[in-house]
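Student: Below is one structure. I have some questions about it.
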Amino acid sequence: MKMSATNESAASIQADAVVVGCHADGELQPAAATIDQATSGAISRLLEAKEMTGKAGELTRIFVPAGVAAMQVVVVGLGDRGKLDRRAAFQAAAAAAKLLAAKPRTHVAFYLNDNWDPDLVEAAVCGAMAGCQGQDLYRAEKKLSPFQQISWAATGEEALAVGQTLGEAVGLTRRLVNEPANMIYPESFANAAADVATNCGLELEIWDEKKLKAERCGSLLAVAQGSTRPPRLVILRHNGGQKGDAPLALVGKGVTFDSGGLSIKPSDGMKTMKCDMAGAATVVGAMQAIAKLRLPVNVIGLVGLTENMINGDAVKLGDVLTARSGKTIEVLNTDAEGRLVLADVLDVAVEQGAAKIVDLATLTGACLVALGMDVAGLMTNDQAWCDELSAAAQLCGEAAWQLPMFPEFGEQIASKVADIKNIGEGRWGGAITAAKFLEEFVQGKPWVHIDIAGPAFLDSPKPWLDAGGSGAFVRTLVELAKGWRG
Ligand code: BES
Ligand code: MN
Ligand code: ZN
């Protein structure tokens, strides 16, 4: 998508559509006022008649307005002026884009910016790109068509470029999640990560099965042993900081398909399990943006890639594994595989010298029960680090809520035959017992676990985003990396 800044007036720009904003106070944004004047008061009359209110997300279309060069004007509600944040900017631009992308359109001009700070423009640009990306990768006739060209008014090229970089990163994550499991499996995911590394100058390391064995990744390998597709571990390094400065580590769960293994999932629970690599896709998307933005920090992305399948070699209930750290794990549910994968990847992250760690994983259905579909769960061993992550998420408008890590939850994963077992006692607090398991492998390093089982994958579309992969938390990770001080 070609993206450029424009100084043209909203009334005279040659575009298929012009998008302007309207706050709930009814006071017109400069571009809306221009359109209002050109149309002898079309917008103020709609407001007066309460056909339009400026409520957040409201979309009003004015077709072939006399006095305006564009074929249509879309007025998008921006809500309360005082509450305009990145979330509102992202969603407003995305909603307008999604509406307009319903038909192929060559050129759409966004006139939302009203003296916005660059971070709001960036969020809106990212939103405009996200709004026209659909999940229908394999449908001959797409429901959404990205515009060939976007013009953006009243902003510099810098904010546009940053917004576009974020938009591309979110788009990459969403596409990887939306790809079915016959297309994206450990090797092909690793190839996709390698392409990203080549294109944006990340250092790349790929561990194949042989290397994983040599590195004693017994926990990850146990999940992979029931599949004919071999596992991978990918390490991406962005060396933007001082040589020798300890890096931030971003760790992702990359289960490219989760059948549940011998503790097999019912069909209903299995049908969206191509999304179980969303944590890994989020890490790759964020690493791409961090590299392209040339952030002056050291960051490593590590993703553990495997299928969770069933064949004659599959891991069985009661099996005892030795993780890379040396801890032994009794497997009492093969569907609690994400934590087995992460156990080894977290261990590698610590060994690589990470000063602090964030992991992202579609880890538990229990987190969905606790927080619903739109909110990620945060669990940590270090409150200050978690607060930093919460602040970044809040700034980006991505919903996350902390769950407690009381020691009692940890007692539930004690095993009678091994150091720990991979499930708690019963299902209650399942998001937390899973996090307690992960905590065993971070060697006390400051660590936050983000359970994205809810927000990573939308079962139904939002007015501003198609269903499927959402790209949630890519922007939060980039924001966190921006503030990284070692
Ligand atoms: N990948 C699933 C979690 C999941 C569920 C993600 C729904 C997205 C939507 C995970 O591997 C899993 O199966 N977790 C089990 C854990 C249980 C066996 C302790 C679960 O949540 O049921
Ligand atoms: Mn599972
Ligand atoms: Zn899983």
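The values are calculated or read from the model by the stated rules, or taken from the named source; none is laboratory data. Just so we're clear, the structure is a prediction, and the values are computed from it rather than from any experiment. All Cβ positions, even for glycine, are placed from backbone atoms using ideal geometry, and neighbour counts span all protein chains on display. For accessibility, only protein heavy atoms count, side chains too; no ligands or nucleic acids. Shrake-Rupley method; radii C 1.70, N 1.55, O 1.52, S 1.80 Å.
Student: At 222 nm, what helix-only mean residue ellipticity would the chain give, in deg cm²/dmol to the nearest 500, using -39500 (n - 2.57) for each DSSP H run of four or more?
Tutor: The helix-only estimate for the chain comes to -10500 deg cm²/dmol at 222 nm.
Student: Taking the Cα centre of each part, how many Å lie between segment 438-486 and segment 292-338?
Tutor: Distance between centres, Cα-based: 18 Å.
Student: Separation between the ALA467 and ASP117 pseudo-spin-labels, each 7 Å from Cα along Cα→Cβ, expressed in nm?
Tutor: Taking the simple label geometry, ALA467 and ASP117 are separated by 3.7 nm.
Student: Report the percentage of all Cα-Cα pairs in segment 340-486 whose separation exceeds 23 Å, rounded to a whole percent.
Tutor: When every Cα pair of segment 340-486 is considered, 35 percent fall beyond 23 Å.
Student: How long is segment 229-308 along each principal axis, judged by its Cα atoms, biggest number first, in Å?
Tutor: Over segment 229-308, Cα extents along the principal axes are 49, 20, 17 Å.
Student: Toward the positive end of the charge dipole of segment 8-153, about the Cα centre and with charges on Cβ (Lys, Arg +1; Asp, Glu -1), which of GLY41, CYS132, ALA109 goes farthest?
Tutor: Of GLY41, CYS132, ALA109, it is CYS132.
Student: Going from most exposed to least, what order do ILE206, ILE413 have by accessible area with a 1.4 Å probe?
Tutor: Result, largest first: ILE206, ILE413.
Student: What's the whole-number percent of alpha carbon pairs in segment 171-482 lying beyond 27 angstrom?
Tutor: The answer is 34 percent, as a whole percent.
Student: What FRET efficiency comes out for the pair ASP25/GLU203, r = Cβ-Cβ distance, R0 = 56 Å, nearest 0.05?
Tutor: The computed FRET efficiency comes out at 0.65.
Student: Loop-only trypsin sites (Lys or Arg not before Pro) in segment 183-243, please: DSSP not H, G, I, E or B, and at most 16 other Cβ atoms within 10 Å.
Tutor: Of the trypsin sites (Lys or Arg not before Pro), the ones in loops of segment 183-243 whose Cβ has at most 16 other Cβ atoms within 10 Å are ARG216, LYS243.
Student: Return the loop-located GluC sites (Glu not before Pro) in segment 13-80 (DSSP other than H, G, I, E, B) with at most 16 other Cβ atoms within 10 Å of their own Cβ; answer none if there are none.
Tutor: GLU27, GLU51
Student: In whole angstrom, how far apart do the alpha carbon centroids of segment 47-70 and segment 92-137 sit?
Tutor: 17
Student: Then there's this: Do any GluC sites (Glu not before Pro) in segment 141-173 lie in a loop, going by DSSP, with at most 13 other beta-carbon atoms within 10 Å of their beta carbon, and if so which?
Tutor: Those that pass, being in a loop and sparsely packed, are GLU141.
Student: Tell me, Kirkwood radius of segment 8-153 from alpha-carbon pair distances, in Å?
Tutor: Taking every pair of different Cα atoms in segment 8-153, averaging 1/r and inverting gives 15.0 Å.
Student: Skipping prolines and chain starts, which residues have an amide H placed within reach, meaning under 5 Å, of the one on ASP359, given they are 5 or more residues away or on another chain?
Tutor: VAL251, VAL448, HIS449, ILE450
Student: Give the dimensionless ratio obtained when the Cα radius of gyration of segment 406-486 is divided by 2.2 N^0.38 Å.
Tutor: Relative to the 2.2 N^0.38 Å estimate, segment 406-486 comes out at 1.44.
Student: Which lysines have a Cα less than 24 Å from the Cα of LYS142, not counting those fewer than 8 places away in the same chain?
Tutor: LYS2, LYS98, LYS103, LYS271, LYS274, LYS462
Student: Could you report the accessible area of TYR138 in Å², rounded to 10, computed with a 1.4 Å probe on the protein chains as they sit in the structure?
Tutor: Around 140 Å² of this residue is reachable by solvent.
Student: Which whole-number percentage describes the relative contact order of the chain, with Cα contacts under 8 Å and a sequence gap of 6 or more?
Tutor: In percent, rounded to a whole number, it is 15.
Student: Against the longest alpha carbon principal axis of the chain, how many degrees, from 0 to 90 and to the nearest 10, is the axis of helix 118-131 turned?
Tutor: Once rounded, one gets 80 degrees.
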